[in-house]
1. Would you check if Glu433 is over 18 Å from Glu21 (Cα atoms) and either within 9 Å of the ligand (Cβ to nearest atom) or not aromatic (Phe, Trp, Tyr) (or both)?
2. All but one of (1) touching a helix residue (DSSP H, G or I) at 6+ places or on another chain (Cβ under 7 Å); (2) more than 28 Å from Ala53 (Cα to Cα); (3) open to solvent by less than 10 Å² (accessible area, probe 1.4 Å) hold for Gly473; state the number of the condition that does not hold.
3. In region 256-285, what count of residues is obtained for those that are closer than 14 Å to Trp471 by Cα and within 13 Å of the ligand (Cβ to nearest atom)?
4. Test Met434 against the stated conditions and say whether it is closer than 19 Å to Glu42 by Cβ, surrounded by 17 or more Cβ atoms within 10 Å (Cβ to Cβ) and in contact with a Phe, Trp or Tyr (Cβ under 9 Å, 6 or more places away or on another chain).
5. Run down Ala396, Ala362 and say which single residue is buried (at least 18 other Cβ atoms within 10 Å of the Cβ), closer than 17 Å to Tyr317 by Cβ and in contact (Cβ under 8 Å) with a residue 40 or more places away in the chain.
6. Among (1) crowded, with 21+ Cβ neighbours inside 10 Å; (2) modelled with pLDDT of 95 or more, where does Tyr195 come up short?
7. Please work out which one of (1) free of Cβ contacts under 8 Å to residues at least 60 places away in the same chain; (2) surrounded by fewer than 21 Cβ atoms within 10 Å (Cβ to Cβ); (3) within 11 Å of the ligand (Cβ to nearest atom); (4) not basic (Lys, Arg) is the condition Thr418 fails and give its number.
8. Quick check on region 619-649: of everything there that is in contact with a strand residue (DSSP E or B) (Cβ under 7 Å, 6 or more places away or on another chain) and open to solvent by 30 Å² or more (accessible area, probe 1.4 Å), which residue is farthest from Glu540 (Cα to Cα)?
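The values are calculated or read from the model by the stated rules, or taken from the named source; none is laboratory data. Just so we're clear, the structure is a prediction, and the values are computed from it rather than from any experiment. Note: ideal-geometry Cβ built from the backbone for every residue, glycine included; neighbour counts use all protein chains shown. Heads up: the accessible areas ignore ligands, DNA and RNA and are worked out on the full protein's heavy atoms, side chains in. Shrake-Rupley method; radii C 1.70, N 1.55, O 1.52, S 1.80 Å.
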Amino acid sequence: MSDDDMSDEIEARLPEEDSFEPPEEFVDQANYTDSSIYERFESDWPECWEEAATLLDWYDVHDQVLDTSDEPFYEWFTGGSLNACYECVDRHLPERGDELAIQWEGENGEKRQFTYEDLHEEVNAVAAALQDIGVGEDDVVSVYMPMLPELPIVMLACARIGAPHNVVFAGFSSDALATRMENSDSEYLVTVDGYLRRGELLDHESKVDDALASVEHDVEAVVLGRREPWSGEGPHGYRELVDGHRGTEVEPVERDSEDMLFLMYTSGTTGTPKGVKHTTGGYLSYVAWTAHAVLDLTPEDTYWCAADIGWITGHSYIVYGPLALGTTTVMYEGAPDHPDKDRLWEMVERYMVDVFYTAPTAVRAFMKWGTDYPESHDLSSLRLLGTVGEPINPRAWKWYYRYIGGESCPVVDTWWQTETGGMMVTTLPGIGEMKPGSAGLPLPGIDARVVTGEGEEVDDGAGYLTVHKPWPGMLRTVYGDDERYIEEYWSEYSDPDEDEWIYFPEDGAKVDDDGYITVLGRVDDVVNVSGHRLGTMELESAVVGVEGVAEAAVVGGSHDVKGEAVYVYVIAEEDADAGDELRGEIVEAVEGEIGPFARPEEVVFTPDLPKTRSGKIMRRLLEDVASGEPLGDTSTLRNPDVVEDIRGQVE
Ligand code: PRX
């Protein structure tokens, strides 16, 4: 939010400090309060990670914590075996069977609650149903569902029978679903025919039909009917199928620690999304431990992560982390401003939420809506707040701390990625001083450093973020493409001849003299729109597919609420009419090929794009224009005038 948007009055009420100590009341009860943990993990690495593994009940305990025999294809807790569904459900039954596992609420106020007993019953019925339609161990099951309780239930049912899930965010288009199903060789799909947004039941079915028509192999589909009762034809009806197996118990399949738990596709620099492979033992230990250490969760907590399970945040910190710890996890299907802009605070009050985790983009929207909304609710149940997904500006941090946390909750700003599986850089809430805008220190056991382009470590200044030791939650490979795994993540700074393997997350960062890391954003061609990660190449390919478009460049420009927004620069073909109609078709193509959340903020027609003498598009200049920043150096351009021309149009 710009200075002008913030009223002076509110500004005056924000705390002025640049750093904050964790509140005493919080420290008194925190899971970790002793800073010696950093040293302890460092001196006992990698065995320190047994502290994470022991949060779970393994069938067989590992023989080795870390196997480095085939770097960078690391293996964790080798020889160990477990079942992720058993860890998240069955083992809680004796002590917490009657306690709530999932507290779900729909936008229209509908409520559904599942105790751990209920969850056990549902998951067993779904597991039996999946087996009934032919799903076997290691078969990839795609799941394309909005935030319904059935989504985590299906994920856990897959885990129970050893079938990796491949959840595709429900906002993605049919093309995106089809690509992900093709790439993962997924022959099964669980989905719904519609979902609610701002009071309307939207069609999901036609997207599913289109995707199924374009996937080349046969797909067995199960559809949860929300709009229409199941007709009894075509795909299986979810309720009918599952109800037919109610009461069946399916023994959890014993999975090797390194067996795949799930795939999650994410965008990178090159065209096609990558299938990030996560395995069972390391991932589950890591998300359980970070939920325990950073979110400070205990089984007694009511915890709400207001993200979507279709992204990694929801996998790790709505489903697996909190349920592994036996916590109550809140799920909400709907918009945060429906029926009014206090919807979330009203729910925090009603459910007496203890810990709340969201994205900075949401905090900036809350800020814009004003303090009356949170102030009209009793938020005193909250004891910890978190953010994830993009940098949080200090002002938004302070607003969150002051108006949501009442200055009595620590705020953890957690840096991590789809690939890291769980949190990597953040303060430990009962230990570390908080500096608004800076994520904090690498977690104990995580060797993250800021380095120069040449790989020299930076002590106090800017550079690139790198991770110098493996960690249990890390991705194991890019599905079906080991070479791409090495190329994308381990090429920039590693020195294989010296057996030195350094993970490069493609983020720029700065570090201060206390070692606190501030993550500045992606240095590859990835745009982060409201915490959603989009590849500019994917966007460009959608744009150039439109008739009348000769050439296009897509960049991210800074945006008050979304963090970044998509800007499209287009050279139209000579005989095309570069006007609103073509603009509309371009927007439609992006929404159609990727999804409505990728909708361009602006489509700018230009006779030319800024290019170097060798013909390369200078995206950096287009980013400056989109962000309203002063232009960087234009002297190497073949056509310097074009930038001013474009700027004139954007303003
Ligand atoms: O650029 C970083 C940004 O989000 C990217 C990862 O996106 P994704 O894989 O979709 O996962 C998002 C949820 C974990 C990172 O490369 N990012 C994430 N958290 C932060 C962040 N940037 C700054 N500060 C953060 N706390």
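1. Against the criterion (over 18 Å from Glu21 (Cα atoms) and either within 9 Å of the ligand (Cβ to nearest atom) or not aromatic (Phe, Trp, Tyr) (or both)), Glu433 does not qualify.
2. Every condition holds for Gly473 apart from (2).
3. Selection size over region 256-285: 1.
4. In short, no.
5. The conditions single out Ala362.
6. (2)
7. Condition (1) is where Thr418 drops out.
8. That would be Thr636.
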